[in-house]
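What follows is a short report on a single structure.
The values are calculated or read from the model by the stated rules, or taken from the named source; none is laboratory data. Fair warning: this is a prediction, and the values are worked out from it, not measured in the lab. Every residue, glycine among them, receives a Cβ derived from its backbone with ideal geometry; neighbour counts consider all protein chains shown.
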């Protein structure tokens, strides 16, 4: 019952399954400030959606859950618009390049491998780094008998010595625009090739590279993700006709509701706790995909229909 | 005079060809399938009768074979190999055309009711239906690749052999149900019916089922391909609207 035929993916799936996937991913998205694309794409592949459609439609879903999340953060004034715009400029350039590379890899037949390797590499690296850092932070706060450690407004790194400085008031930063531009471009690139908003890379980069306070990171990350994934959606729609509106709609309905609940849940947790949970989740996805690459698959052959000329 | 004689001979030739004088008269429960949003597969009833001028000949019994073939597409079959510690797509062959769906239903064991030469001639069983499309031998062992195609598509029910699933009453009336799966692709589905005796095909008939997306499915598909930019923007607008609506809805709830 409630099977739904998807016009672009050309498969029939259960409508509640899609609502459920959207809901879970939306919840995590609202809680951690990540778009959740790195979860939704593997989920969709698992239920039999073709890779191209999964990546493009995943991006469309991330737009919706991010908008829902940003509106929730906006009420808490936790969005740094100026930082968001700088990240965005980098993001659009990266996204355009990413979609081009994606089309090229699809033609070569190596897109699965490419996407999987990107996942393992980026998720593993970021997840591992975040996990150790937040574990250390939690241990430190325990050792101090529950008393919070002395906090500086932000951490000073090499990044703060670069030229073209700009003031980011909401974040309390005065830094060069180059690092946010570069971070944005990298994230946009990943958005194009992996169908992800790149929140899982953006959030830690904003905390550790740019030194932004955790409370504005989530809102700002979501703000920039809206535009990067929005752009990616349109580019995929035009280049490869792989955005499935019917699929997106169901994921979105689940996703936006989940995102609101996730934001509420997120406010109950401490920053370190949020970070270690996100890190654990990111690592789990990386390890799962790494195993898929390392273990012998039960079916060595795959069949890819080509469009009729 | 000679000309007229030849013409008369030609007119009579068809009936002379099927010496047993047995012909198929057939019907389909539907000759079009509309894929709508709640499409969940479709069952097609294929039925018919054997028309004959004289009583059925004694000897080998009459048998019926029915095939349903979905539109063919070119495809790439790839094989993963162990390279540098990970499994990657290493070799591939391109098949010019392979049916997206292929079902064979028979009234008896296929190897008993159809000789191999007749099978080859009419390309009835799956082996011949695929081999017929000639896999270009780009990689060594193209045979292994087409075997994999058959295996994968048989596993997901796209290719089926249903022996003994055609009901035949008194060598005259026959019927079978063929379930078309939910993941159909659009196009003309070819239904072929054969009657055989002693492994030899006596008559065959062909019909088409038109499978089309309909309603919203059709509209979305057409728009995605003809107005991709607008389609992308509408997808975005939908996402924005849903995101805002959820946010606004929850604000109301919390009040």
Candidate set from segment B:180-189 (those that are at pLDDT below 90 and assigned to a strand (DSSP E or B)); member that is nearest to the other protein chains (Cβ to nearest Cβ): B:187
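Among A:267, A:304, which is out of contact with any helix residue (DSSP H, G or I) (no Cβ under 8 Å at 6 or more places or on another chain) and away from chain B (no Cβ under 11 Å)?
Values: A:304 fails: away from chain B (no Cβ under 11 Å).
Within the list A:267, A:304, the selection yields A:267.
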Count of residues meeting criterion [touching a residue at least 60 places away in the same chain (Cβ under 8 Å) and more than 7 Å from chain B (Cβ to nearest Cβ)] in segment A:67-82: 11
Subset of segment A:18-50 [within 14 Å of chain B (Cβ to nearest Cβ) and either free of Cβ contacts under 8 Å to residues at least 40 places away in the same chain or within 12 Å of residue A:244 (Cα to Cα) (or both)]: A:47, A:48, A:49, A:50
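Going by the conditions given, is residue B:26 within 27 Å of residue B:110 (Cβ to Cβ), surrounded by 10 or more Cβ atoms within 10 Å (Cβ to Cβ) and either modelled with pLDDT under 80 or touching a strand residue (DSSP E or B) at 6+ places or on another chain (Cβ under 6 Å) (or both)? Walk me through how you get there before you give the answer.
Numbers: within 27 Å of residue B:110 (Cβ to Cβ): yes; surrounded by 10 or more Cβ atoms within 10 Å (Cβ to Cβ): yes; either modelled with pLDDT under 80 or touching a strand residue (DSSP E or B) at 6+ places or on another chain (Cβ under 6 Å) (or both): yes.
Against the criterion (within 27 Å of residue B:110 (Cβ to Cβ), surrounded by 10 or more Cβ atoms within 10 Å (Cβ to Cβ) and either modelled with pLDDT under 80 or touching a strand residue (DSSP E or B) at 6+ places or on another chain (Cβ under 6 Å) (or both)), residue B:26 qualifies.
Within segment A:255-264, how many residues turn out to be surrounded by fewer than 24 Cβ atoms within 10 Å (Cβ to Cβ) and either facing another protein chain (nearest Cβ under 8 Å) or touching a helix residue (DSSP H, G or I) at 6+ places or on another chain (Cβ under 6 Å) (or both)? Give the derivation first.
Within segment A:255-264, the subset surrounded by fewer than 24 Cβ atoms within 10 Å (Cβ to Cβ) is A:257, A:261, A:264.
Now restrict to residues that are either facing another protein chain (nearest Cβ under 8 Å) or touching a helix residue (DSSP H, G or I) at 6+ places or on another chain (Cβ under 6 Å) (or both): A:257, A:261.
Residues flagged as surrounded by fewer than 24 Cβ atoms within 10 Å (Cβ to Cβ) and either facing another protein chain (nearest Cβ under 8 Å) or touching a helix residue (DSSP H, G or I) at 6+ places or on another chain (Cβ under 6 Å) (or both) within segment A:255-264 amount to 2.
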Residue B:218, sole failed condition from (1) within 14 Å of residue A:7 (Cβ to Cβ); (2) facing chain A (nearest Cβ under 7 Å); (3) surrounded by 15 or more Cβ atoms within 10 Å (Cβ to Cβ): (2)
Checklist (1) surrounded by fewer than 17 Cβ atoms within 10 Å (Cβ to Cβ); (2) outside any helix (DSSP H, G or I); (3) assigned by TED's automatic domain parsing to the domain that holds residue B:162 applied to residue B:120, failing item: (2)
Residue A:293 being closer than 28 Å to residue B:141 by Cβ, in contact (Cβ under 8 Å) with a residue 40 or more places away in the chain and part of a helix (DSSP H, G or I): yes
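In the set B:95, B:83, which member is exposed (fewer than 15 other Cβ atoms within 10 Å of the Cβ), within 11 Å of chain A (Cβ to nearest Cβ) and touching a strand residue (DSSP E or B) at 6+ places or on another chain (Cβ under 8 Å)?
Numbers: B:95 fails: exposed (fewer than 15 other Cβ atoms within 10 Å of the Cβ).
Just one listed residue meets the conditions, B:83.
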Residue match in segment A:277-297 (condition: surrounded by 15 or more Cβ atoms within 10 Å (Cβ to Cβ), within 9 Å of another protein chain (Cβ to nearest Cβ) and modelled with pLDDT under 85): yes
Leading residue by the ranking (modelled with the lowest pLDDT) among those in segment B:150-168 that are out of contact with any helix residue (DSSP H, G or I) (no Cβ under 7 Å at 6 or more places or on another chain) and under 13 Å from residue A:303 (Cβ atoms): B:156
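Which residues, counting only those in segment B:152-206, are out of contact with any strand residue (DSSP E or B) (no Cβ under 8 Å at 6 or more places or on another chain) and more than 23 Å from residue B:115 (Cβ to Cβ)?
Kept after step one, since they are out of contact with any strand residue (DSSP E or B) (no Cβ under 8 Å at 6 or more places or on another chain), are these residues of segment B:152-206: B:155-157, B:169-170, B:181, B:198-200.
Matches in segment B:152-206: B:155, B:156, B:157, B:169, B:170, B:181.
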Candidate set from segment B:160-173 (those that are surrounded by 14 or more Cβ atoms within 10 Å (Cβ to Cβ) and free of Cβ contacts under 8 Å to residues at least 60 places away in the same chain); member that is nearest to the chain's Cα centre (by Cα): B:160
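Looking at A:53, A:63, can you tell me which residue is crowded, with 24+ Cβ neighbours inside 10 Å and closer than 28 Å to residue A:304 by Cα? Break it down stepwise before answering.
Working: A:63 fails: closer than 28 Å to residue A:304 by Cα.
Criteria check complete, one pass: A:53.
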Failed criterion for residue B:247 (all others in (1) at positive phi; (2) facing chain A (nearest Cβ under 7 Å) hold): (1)
Selection from segment A:76-126 of residues that are touching a strand residue (DSSP E or B) at 6+ places or on another chain (Cβ under 7 Å), buried (at least 20 other Cβ atoms within 10 Å of the Cβ) and either in a loop (DSSP other than H, G, I, E, B) or on the phi > 0 side of the Ramachandran plot (or both): A:80
Candidates A:234, A:216 - the one that is modelled with pLDDT of 80 or more and either touching a strand residue (DSSP E or B) at 6+ places or on another chain (Cβ under 8 Å) or within 13 Å of chain B (Cβ to nearest Cβ) (or both): A:234
Those residues of segment B:32-55 which are closer than 15 Å to residue B:177 by Cα, within 14 Å of chain A (Cβ to nearest Cβ) and part of a strand (DSSP E or B), in sequence order: B:33, B:42
